[in-house]
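The values are calculated or read from the model by the stated rules, or taken from the named source; none is laboratory data. Every value quoted in this text rests on a predicted model; they were computed, and no experiment measured them. Here the Cβ positions follow ideal geometry from the backbone for every residue, glycine too, while neighbour counts run over all protein chains shown.
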Amino acid sequence: MAVMSETRDQIIVSSPPEGAGTWIRGTTLAVGDWPSTGTASEGPPLHVHHRDDEAWYVISGALRFRLADREVIAPAGSTVLVPAGVAHTFGNAGPGPSRYLILLTATLDSLIKELHQVDATEHPRIYRKYNSEVLE
């Protein structure tokens, strides 16, 4: 990752990713450049963020979004915004691999980082800590 600094401001420039999970993080926003395998998959369980929006930009392949009452396939070039309060989960739509940018608030970035540090039995508690909730 290249970082360019100015007198009062710091600008972060992310080079093309060399591997899975390249992130750039600012004070209130995190952007992850993430690949997904070629199999159809679902990431997190159905959940809701009560105070934070979450967004994706599909670079290649397709992502499948499951909302509380419907399913949406987002092909390459699609931008998906899930507003706060909307139940959702997502994953690769398959059959080929996909790559996407995920845009998170600092709160959701912290939630995801903490989820990866604890046993799955602790996930409901972690979601609640960040004003979110696991629904299934």
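Out of 72, 48, 31, which single residue is part of a strand (DSSP E or B) and over 24 Å from residue 111 (Cα atoms)?
72
Look at segment 94-117 and say how many of its residues are modelled with pLDDT under 95, over 16 Å from the mean Cα position of the chain (by Cα) and loosely packed, with under 15 Cβ neighbours inside 10 Å.
3
Pull up segment 63-74, narrow it to residues that are of a type outside the set (Lys, Arg) and closer than 16 Å to residue 35 by Cβ, then point me to the one that is surrounded by the fewest Cβ atoms within 10 Å (Cβ to Cβ).
So, considering only residues that are of a type outside the set (Lys, Arg) and closer than 16 Å to residue 35 by Cβ, the one surrounded by the fewest Cβ atoms within 10 Å (Cβ to Cβ) is 74.
More than 21 Å from residue 111 (Cα to Cα) and assigned to a strand (DSSP E or B): does that describe residue 59?
Considered against the rule, which asks whether it is more than 21 Å from residue 111 (Cα to Cα) and assigned to a strand (DSSP E or B), residue 59 comes out as yes.
Got a number for residues in segment 60-93 being over 14 Å from the mean Cα position of the chain (by Cα), among the hydroxyl-bearing types (Ser, Thr, Tyr) and closer than 27 Å to residue 133 by Cβ?
Qualifying residue count for the region: 1.
If the Cβ limit is 8 Å and pairs must be 6+ apart or interchain, which residue in segment 100-124 that is basic (Lys, Arg) pairs with which residue that is modelled with pLDDT of 95 or more and surrounded by 14 or more Cβ atoms within 10 Å (Cβ to Cβ)?
Sorted first by the residue in segment 100-124, then by its partner, the list stays empty.
Which numbered condition trips up residue 89, out of (1) in contact (Cβ under 8 Å) with a residue 60 or more places away in the chain; (2) of a type in the set (S, T, N, Q); (3) surrounded by 16 or more Cβ atoms within 10 Å (Cβ to Cβ)?
(1)
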